[in-house]
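Beneath this line is the structure, given in structure tokens, with notes to follow.
The values are calculated or read from the model by the stated rules, or taken from the named source; none is laboratory data. Every value quoted in this text rests on a predicted model; they were computed, and no experiment measured them. Cβ: placed from backbone, ideal geometry, glycine included. Neighbour counts: every protein chain shown. Just so you know, the surface numbers come from the protein's heavy atoms only, side chains and all, with ligands and any DNA or RNA stripped out. Shrake-Rupley method; radii C 1.70, N 1.55, O 1.52, S 1.80 Å.
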Amino acid sequence: MLRKLSPDELYKCCDPKVLDFNTTLDIRPLEGTMGQDRAMHALDFGLNFENSGFNIFVLGDSGTGKRTTIKTLLTELAAKKPVPSDWCYVYNFKDPDMPRAIAMEPGKVQEFQKDMDELIKNLRAEIPKVFESKEYEKQRNNIMEDFQKKQKELLGSLEEEAHQKGFAIKRTIAGLVIVPVKKSGEPLTEEEFEALEDKVKKKVEQIGKELQEKLDDVVRGIREAEKFVKEMLARLEREAALSQVGHMIEDLKEKYAAYPKITVYLQDVQEDILEHLEDFKPEGGEQQPALPFMRQPRMEPSFTRYAVNVLVNNAGLKGAPVIFESNPTYNNLFGRIEHKFQYGVAVTDFSMIKAGALHRANGGYLIVEALDLLRNLFSYESVKRALKNREVKMEDLWEQYRAISTAMLRPEGIPLDVKVVLMGNPNIYYLLYNLDEEYREIFKVKADFSSIMDRTDENVRRYTEFIALKSREENLLPFDRSGVAKVIEYASRLADDQNKLTARFSAVADLMRESFYWAKKAGSDVVRLEHVEKALDEKIYRHGRISDRLREMMLEDTLIVQTTGAVVGQINGLAVMGMGDYMFGKPSRITARTYAGRAGVINIERESKMSGRIHDKAVLIITNYLWSRYAFRKPISLSASLTFEQLYEGIEGDSASCAELYTILSSIAQVPIRQDLAITGSMDQNGDVQPIGGVNEKIEGFFELCKFRGLDGRQGVIIPSRNIRHLMLRTDVVDAVREGKFTIYPIDYLDDGIELLMGLPAGQQDEKGNYPEGTLNYLVVKRLEEISEAIKARKEEPIVEAVKPAQTNNNK
């Protein structure tokens, strides 16, 4: 007689009396992480191991607290680390397309930026004063007077000589030219010149040519003098400006002497200022100059090249930075170079370089979701390259795809010292590990978060602390002992194990929030057992439309599932349907037909390409079990078909293999199977019953159907004994078992369920290998022998050819 499971074996309660508090207000909130000792050990190693390549991949199911744990750990660890350097970009006067990167002590870069702004502000005020000073004007006038005096001397002597010879110097658009004049001083017209005698004309031309050559020499001399004067004026401007620029730059050099790159930069700034003094002159300088070599009117000058672009400012940090990048696009990770439109053209400069997450996390920690990283174009490969080269470098990744290359800034790379923490599910981890060799060299630390933990007294205590923590963090009503106990029991249900608790804390937190809602709606000041149960029932109702519809179809006999009587070659199997957000059990009708032949067991689902590989394997195990048990003395001949009736989608898994075998045996022996029982369980080739998944949902699915049709005390479910520890059934199922209206039977071997299902003992072989009469195995062997004999007799029958009678000719 099969053992019946007691109500206590169907559900492991958390006795509220064991909980030594009235409400969660009496409990200290949880500190740290619970149930993840292995992952915490790995994180401690990975975060404290200072070596390249030992970045971390944190893997685990969604809702196991990976992100919260990582943030908490890193926040505590980062506070003990030194604050990393600030970074800025400055103009590169030698190569404007490659801005220079400068590292400074925390807080210094902002001070440097202010100092440079102050320097340019002061120079724009002081340099014009220098050029407006009396001393500068005096020296400039002296230079100009000397030049004008020399110019007058050169032109005066030549004008005198030309006058004596009847010529004059005239200014034209082309410059200074020698023209003959009359005694009155007026230029000789072309008609008057042509009217002269040939001898006189030749003489005039000869003298004019000689004077023109002398004039050209004088003009060359004047130009040389102009060049010299220009150099003198430039030198005067440089010396005058240097009197203001020099000491200011020297003060900054002295202040930032600890930064060699800044010293070089300041020297370049000084040279550039002295070369572009026109930018610092007052606006009055835009008037037309008196001399032709002076600069023409200019556009509004830009002083952006003297600015400091603060890329990373860690002045407010206390410890190393911890950056979580929720949208890891290439630009968000590596920064961007912005543009602005001027006159319809996009322009940029070094001041528009913006930092990315890697810049901000430099010297600290960067947390990224692995799936988000893989989804974004270029991001994953670029992060690997940065970690391998230990440098953050901004690049125009689209350049290689353009037909025409465009001029872009190429900022100097910044040395990278960051610990990257990727988070993702196990599938992504193993996919990257097996397919990407570089990944294995860069992410060497694996922190594996488990989805379950042992249901020990310590973990139960910490679970109560977690409930207290969540209720306070989210301003929920406090939970009393009965409410806490029910939440803990729900955690075991999610873990599918009486001795485990789920580590999917997000699901537990959702239950707490929903329970709070129903408690508040009921006007309660605490969350009690009935409010948690209400939340669970409401969640099932919200998600149960499909399961309810399938049950309605069974009640209408649209989907045929019998729960009374007995049928040969038919049994109620149990399956689990998962809709993503909800799982439920679905009874299925399994049938088998056997007949003489040698085809073996035909899996109709396989023939129709609706069977998965695991189910195909299970049917092969069934076939091998039949042959090994019933063909031990001589071969047997059998053809059998096996199918899930009214199945219109694929089937996978081996949890129906016990039911399928019982169906075949029933068909062979022609013994009916009880339809008020359902069975689930996997089997091996030795006939041992193996545990399966979803046992709670399967039992509840069949129970619901029986309850709607009316419980009569005969209905029940047969499950593997090894699944007893996984039972955390609903309260109504447990109550029905307690009242004797529903029964759950555990079995260890296939033979254990035969008598319950078919009313006959299985039967054991005697010393000669025979089964006793009145047992199922006896009937099976007998029927198989009859089939074999029939096939053998059919082969031995003589083949008689039918002789066709001769045709007679009836024609007369």
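Looking at the structure I just gave you, is G363 exposed (fewer than 14 other Cβ atoms within 10 Å of the Cβ), over 20 Å from the mean Cα position of the chain (by Cα), part of a loop (DSSP other than H, G, I, E, B) and not polar (S, T, N, Q)?
no
Can you name every one of the strands (runs of 3 or more DSSP E) wholly within region 469-581 that holds 1 or more residues which are among the polar types (S, T, N, Q), closer than 25 Å to I452 by Cα and open to solvent by less than 60 Å² (accessible area, probe 1.4 Å)?
Here the list reads 500-502.
Quick one: how many residues across region 651-666 are surrounded by 23 or more Cβ atoms within 10 Å (Cβ to Cβ) and either free of Cβ contacts under 8 Å to residues at least 60 places away in the same chain or closer than 16 Å to I787 by Cβ (or both)?
4
Across region 424-466, which residue is least open to solvent (accessible area, probe 1.4 Å) among those that are in contact with a Ser or Thr (Cβ under 8 Å, 6 or more places away or on another chain) and polar (S, T, N, Q)?
Of everything passing the filter in region 424-466, T464 is least open to solvent (accessible area, probe 1.4 Å).
Yes or no, residue by residue, for (1) modelled with pLDDT of 95 or more; (2) closer than 30 Å to K261 by Cα; (3) in contact with a helix residue (DSSP H, G or I) (Cβ under 9 Å, 6 or more places away or on another chain):
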| position | (1), (2), (3) |
| --- | --- |
| L377 | no, no, yes |
| N389 | no, yes, no |
| E395 | no, yes, yes |
| A403 | no, no, no |
| T406 | no, yes, yes |
| P411 | no, yes, yes |
| V421 | yes, no, yes |
| N425 | no, no, yes |
| E438 | no, no, yes |
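Which one of K609, K617, K634 is of a type in the set (D, E, K, R) and free of Cβ contacts under 8 Å to residues at least 12 places away in the same chain?
The match here is K609.
Conditions: (1) assigned to a helix (DSSP H, G or I); (2) modelled with pLDDT of 90 or more; (3) not β-branched (V, I, T). A790 meets all but one. Number of the miss?
(2)
Please enumerate the residues belonging to region 694-711 that are touching a residue at least 60 places away in the same chain (Cβ under 8 Å) and farther than 20 Å from S682 by Cβ.
Those that are touching a residue at least 60 places away in the same chain (Cβ under 8 Å) and farther than 20 Å from S682 by Cβ: E704, L705, C706, F708, R709.
Just checking, how many residues over region 705-724 are open to solvent by less than 30 Å² (accessible area, probe 1.4 Å) and within 19 Å of L550 (Cα to Cα)?
Residues meeting the conditions: 2.
Only one residue in L311, L333 is more than 30 Å from L277 (Cβ to Cβ) and either more than 20 Å from the chain's Cα centre (by Cα) or surrounded by fewer than 19 Cβ atoms within 10 Å (Cβ to Cβ) (or both). Which one?
Going through L311, L333 in turn, just one is more than 30 Å from L277 (Cβ to Cβ) and either more than 20 Å from the chain's Cα centre (by Cα) or surrounded by fewer than 19 Cβ atoms within 10 Å (Cβ to Cβ) (or both): L311.
Of the residues in region 582-602, how many are open to solvent by less than 20 Å² (accessible area, probe 1.4 Å) and assigned to a strand (DSSP E or B)? Can you show your working first?
Going residue by residue through region 582-602, those that are open to solvent by less than 20 Å² (accessible area, probe 1.4 Å) are 584-585, 587-588, 590-592, 597, 600.
From what's left, assigned to a strand (DSSP E or B): 584-585, 587-588, 590-592, 600.
Number satisfying all stated conditions: 8.
Could you tell me whether region 715-725 includes any residue that is farther than 20 Å from S666 by Cβ and among the hydrophobic types (A, V, I, L, M, F, W, C)?
The answer is yes; a qualifying residue exists.
Based on what the data block shows, is A669 in contact with a helix residue (DSSP H, G or I) (Cβ under 8 Å, 6 or more places away or on another chain), open to solvent by 10 Å² or more (accessible area, probe 1.4 Å) and over 17 Å from I621 (Cβ atoms)?
yes
Taking region 451-460 on its own, how many of its residues are in a loop (DSSP other than H, G, I, E, B) and closer than 24 Å to Y582 by Cβ?
The total comes to 1.
Does region 336-360 hold any residues that are of a type in the set (F, W, Y) and exposed (fewer than 14 other Cβ atoms within 10 Å of the Cβ), and which are they?
The answer is F341, Y343.
When you check G774 against the structure, is it at pLDDT 75 or above, over 60 Å from the mean Cα position of the chain (by Cα), at positive phi and surrounded by 10 or more Cβ atoms within 10 Å (Cβ to Cβ), yes or no?
Judged against the criteria, G774 is a match.
On the given criteria, is A39 touching a Phe, Trp or Tyr at 6+ places or on another chain (Cβ under 6 Å) and not hydroxyl-bearing (S, T, Y)? First the steps, then the outcome.
Values: touching a Phe, Trp or Tyr at 6+ places or on another chain (Cβ under 6 Å): yes; not hydroxyl-bearing (S, T, Y): yes.
It is true that A39 is touching a Phe, Trp or Tyr at 6+ places or on another chain (Cβ under 6 Å) and not hydroxyl-bearing (S, T, Y).
Just one of the numbered conditions (1) touching a strand residue (DSSP E or B) at 6+ places or on another chain (Cβ under 7 Å); (2) more than 24 Å from E50 (Cβ to Cβ); (3) outside any helix (DSSP H, G or I) is not true of Y463; which one?
For Y463, the failing item is (3).
Looking at region 367-382, can you tell me whether even one residue there is part of a helix (DSSP H, G or I), without any contact (Cβ under 8 Å) to a residue 24 or more places away in the chain and surrounded by fewer than 15 Cβ atoms within 10 Å (Cβ to Cβ)? Walk me through it before giving the result.
Residues of region 367-382 part of a helix (DSSP H, G or I): 370-375, 379-382.
Those still in the list that are without any contact (Cβ under 8 Å) to a residue 24 or more places away in the chain too: 375, 380-381.
Filter once more, keeping what is surrounded by fewer than 15 Cβ atoms within 10 Å (Cβ to Cβ): 375, 381.
For region 367-382, residues part of a helix (DSSP H, G or I), without any contact (Cβ under 8 Å) to a residue 24 or more places away in the chain and surrounded by fewer than 15 Cβ atoms within 10 Å (Cβ to Cβ): present.
Name every residue in region 352-376 that is out of contact with any Pro (no Cβ under 9 Å at 6 or more places or on another chain) and closer than 30 Å to Y91 by Cα, in order of residue number.
The answer is M352, K354, A355, G356, L358, H359.
Within region 623-644, identify whether any single residue is among the polar types (S, T, N, Q), assigned to a loop (DSSP other than H, G, I, E, B) and open to solvent by 20 Å² or more (accessible area, probe 1.4 Å), and answer yes or no.
no
Being open to solvent by 60 Å² or more (accessible area, probe 1.4 Å), more than 25 Å from F131 (Cα to Cα) and touching a residue at least 24 places away in the same chain (Cβ under 8 Å) is the filter here, so list the residues in region 215-265 that pass it.
Result: K255, K261.
Need a quick list: strands (runs of 3 or more DSSP E) entirely within region 235-353 having at least 3 residues that are at pLDDT 85 or above.
It comes to 308-312, 322-325.
Kindly indicate whether V421 is touching a strand residue (DSSP E or B) at 6+ places or on another chain (Cβ under 8 Å), crowded, with 18+ Cβ neighbours inside 10 Å and on the phi < 0 side of the Ramachandran plot. Steps first, please.
On the way: touching a strand residue (DSSP E or B) at 6+ places or on another chain (Cβ under 8 Å): yes; crowded, with 18+ Cβ neighbours inside 10 Å: yes; on the phi < 0 side of the Ramachandran plot: yes.
It is true that V421 is touching a strand residue (DSSP E or B) at 6+ places or on another chain (Cβ under 8 Å), crowded, with 18+ Cβ neighbours inside 10 Å and on the phi < 0 side of the Ramachandran plot.
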